[in-house]
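The values are calculated or read from the model by the stated rules, or taken from the named source; none is laboratory data. Being a predicted model, the structure only gives us computed values, none of them experimental. As a convention, Cβ positions derive from the backbone with ideal geometry for all residues, glycine included, and neighbour counts pool all protein chains shown. Areas reflect the complete protein model, heavy atoms only, side chains present, ligands, DNA and RNA absent. Shrake-Rupley method; radii C 1.70, N 1.55, O 1.52, S 1.80 Å.
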Amino acid sequence: EVDWFSLASILFLLMFAPLIVYYFIMSCDQYQCSLIDPLVDLLTGNKHLSDIWNKTPTLTYRAAGIYTIWVAFQVVLYLFIPDFCHKFLPGYAGGVQEGAVTPAGMVNKYEINGLQAWIITHVLWFANASYFHWFSPTIIFDNWIPLLWCANVLGYAVSTFAMIKSYFFPTNAKDCKFTGNFFYDYMMGIEFNPRIGKWFDFKLFFNGRPGIVAWTLINLSYAAKQQELYGQVTNSMILVNVLQGIYVLDFFWNETWYLKTIDICHDHFGWYLGWGDCVWLPYLYTLQGLYLVYHPVQLCTAHAIGILMLGLVGYYIFRVTNHQKDLFRRTNGNCKIWGKKPEYIECSYMSADGTKYHSKLMTSGFWGWARHFNYTGDLMGSLAYCLTCGFEHILPYFYIVYMTILLTHRCIRDEHRCFSKYGKDWKRYTAAVPYRLIPGIF
């Protein structure tokens, strides 16, 4: 059943999330990234909504062509070029991999080739920039708002198609979740793993491609625009490209691990993932680079090094914390964390069919510091991205505010699920590891 608070939240997001994205991008296009000036103009009567809307670039055939080619290219890379990176990159797990067990007891197989798709895409990008010159490296920035309309069309189309599919031809009817509330079902999704054919998995494709592959290309386009406008690329723009590039590469290097995360294991596919991955992610996760096109910031050496270290330490915590949990799970606790045998709490839980299972919750390493210390590292990296932009405008800091809300909400969701699963054993665990994100504080 859908409670009133969840329904109100969903209606709010369905109505205002697209407007939030438009407002941020419009603010940069018309108001030099000021979030206050558009409101002042509207409230004082200097401008009307129609004035702002009429100055907004419309959908163009050029943008539609660019976006269609882009998505089609990523589909080709996803479906028709089996992964070869795992054959020569030590430690990389690609190719055909199994996901987690679904609620209906299914184990889906995936063709993991995101790293390969990212490499091919970027090799072609740099080959064009340095040799072929088929298009300008600033092509993404130059068509940014027309491309926004294309991304919205795809986001709404795939979300609507996923809902229709769940009613008439679901991939697995037993993995569908109907609440009876249209708005909740549309946003949060009905089908768990909607697929077309054997390999085209909606959730994996839209989570990773086309949005995350595009992330680094978008930043490169911003850097090219800086070079075109000012004759140089600032060290702040370089930091954004490097730090976010590390994050994106980490995602694709660990794409197999991603199959065991909350997005794949628990979320159904609806507007939240479909539209969010097409629009919200590429447009709002790249605000720092967009801001730096309009307001180039050249950091002093000390500040640049400090931000770089914050981002790298955050990434180190994020990656090592996840590695510790993964190692602990794979070996069932028969491993070493920080040079010694890990500590843990024995837990048990009952499945829906009444079968009793046993599990272990680690209480040492970074997982002894806080219950979600990987999120703490993620937030440190997010803050580093924002700090590259200085302190003149609040727009670049939307990302750290959003990520703090998102990851705190994930903590609460995850812990509610774990308490329902483990009961009193979860209370023992939280007593042993009392903090969620920041040791000694929260």
So how do GLU255, GLU392, GLU111 rank on accessible area, 1.4 Å probe, biggest first, that is with the largest at the start?
GLU392, GLU111, GLU255
VAL76: accessible area at probe 1.4 Å, nearest 10 Å²?
60
Within straight-line cross-link reach of LYS55, lysines at Cα separation under 26 Å, skipping those fewer than 8 residues along the same chain:
LYS47, LYS225
Sequence-distant lysines (8 or more away, or on other chains) whose Cα lies within less than 20 Å of LYS165
LYS174, LYS177, LYS198, LYS203
Contact order normalised by length for segment 1-298, with contacts defined as Cα pairs under 8 Å and 6 or more residues apart; what percent is it?
24
Find how much the distance from SER348 to ILE441 grows on full extension, using 0.36 nm per residue of separation minus their present alpha carbon separation; answer in nm with one decimal.
30.5 nm
So for segment 240-330, using the alpha carbon gyration tensor with a ≥ b ≥ c as root eigenvalues (a/c under 1.5 gives rounded; past that, a/b versus b/c decides prolate or oblate), I'd call it oblate
Taking the highest mean first, how do the peptides 149-155, 306-312, 378-384 order by number of other beta carbon atoms within 10 angstrom per residue?
378-384, 149-155, 306-312
What ranking of LYS198, LYS325, LYS55 comes out by heavy-atom accessible area, probe 1.4 Å, highest first?
LYS198, LYS55, LYS325
Would you list, by chain and number, the lysines whose Cα falls below 20 Å from the Cα of LYS325, excluding same-chain residues fewer than 8 positions away?
LYS260, LYS336, LYS340, LYS341, LYS360, LYS421, LYS427
Could you give me D for segment 320-360, from Stokes-Einstein at 10 °C and 1.306 mPa s, where the hydrodynamic radius is the Kirkwood radius over C-alpha pairs? Units µm² s⁻¹, please.
138
Computed over the chain: longest principal axis from alpha-carbon atoms vs helix 4-31 long axis, angle to nearest 10 degrees, is 30
Sum -39500 (n - 2.57) across every DSSP H segment of at least 4 residues in the chain, then divide by the residue count to get the 222 nm mean residue ellipticity, nearest 500.
-19000 deg cm²/dmol
Point-to-point label distance, THR60-LYS336, nm (Cα→Cβ direction, 7 Å offset)
6.1
What are the residues whose amide H is under 5 Å from the amide H of CYS33, where those residues sit 5 or more places off or on another chain and H is modelled from the backbone?
CYS28
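I'm checking a number: the convex hull volume of the Cα atoms of segment 198-349, normalised per residue, in Å³. What is it? Don't skip to the answer; put the middle values down first.
Details: hull volume 23.4 nm³, N = 152.
Looking at segment 198-349, the number lands at 154 Å³ per residue.
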Kindly express, to the nearest 10 degrees and within the range 0 to 90, the angle between helix 114-127's C-alpha long axis and the longest C-alpha principal axis of the chain.
20
FRET E, pair VAL2, HIS416, Förster distance 22 Å, beta-carbon r, rounded to 0.05
0.90
Longest principal axis of the chain (C-alpha) makes with the long axis of helix 211-230 (C-alpha) an angle, in degrees to the nearest 10, of 30
Rolling a 1.4 Å sphere over the protein heavy atoms, what is the accessible area per residue of the chain, to the nearest Å²?
48
Show me, bin by bin at 10 Å from 0, the whole-percent P(r) of segment 1-298 based on Cα pairs.
6, 25, 32, 25, 11, 2, 0
Rounded to the angstrom and largest first, Cα extents along the principal axes for segment 1-145 equal 63, 56, 28
By accessible area of protein heavy atoms, probe 1.4 Å, what ranking do ILE196, ILE81, ILE337 get, highest first?
ILE196, ILE81, ILE337
Dipole magnitude (debye, nearest 20) for segment 1-298, charges at Cβ of Lys, Arg, Asp, Glu:
500
Between rounded, prolate and oblate, where does segment 65-199 land on the alpha carbon gyration tensor, with a ≥ b ≥ c its root eigenvalues, rounded for a/c under 1.5, else prolate if a/b exceeds b/c?
oblate
State the answer as a single residue: which of GLN97, PHE328, TRP367 lies farthest towards the positive end of the charge dipole of the chain, with beta carbon charges of +1 for Lys and Arg and -1 for Asp and Glu, about the Cα centre.
PHE328
Stretchable slack from ARG329 to LYS174, in nm (0.36 nm times residue separation minus alpha-carbon distance):
53.0 nm
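Please work out how much length the chain gains when fully extended from VAL40 to MET15, using 0.36 nm per residue of separation minus the C-alpha to C-alpha distance, in nm with one decimal.
That pair, VAL40 and MET15, stretches by 6.8 nm at full extension.
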With each pseudo-label sitting 7 Å past Cα toward Cβ, what's the ALA431-PHE391 distance in nm, one decimal?
4.4
Answer check: segment 301-441, Cα atoms, Kirkwood Rh, Rg/Rh ratio of 1.06
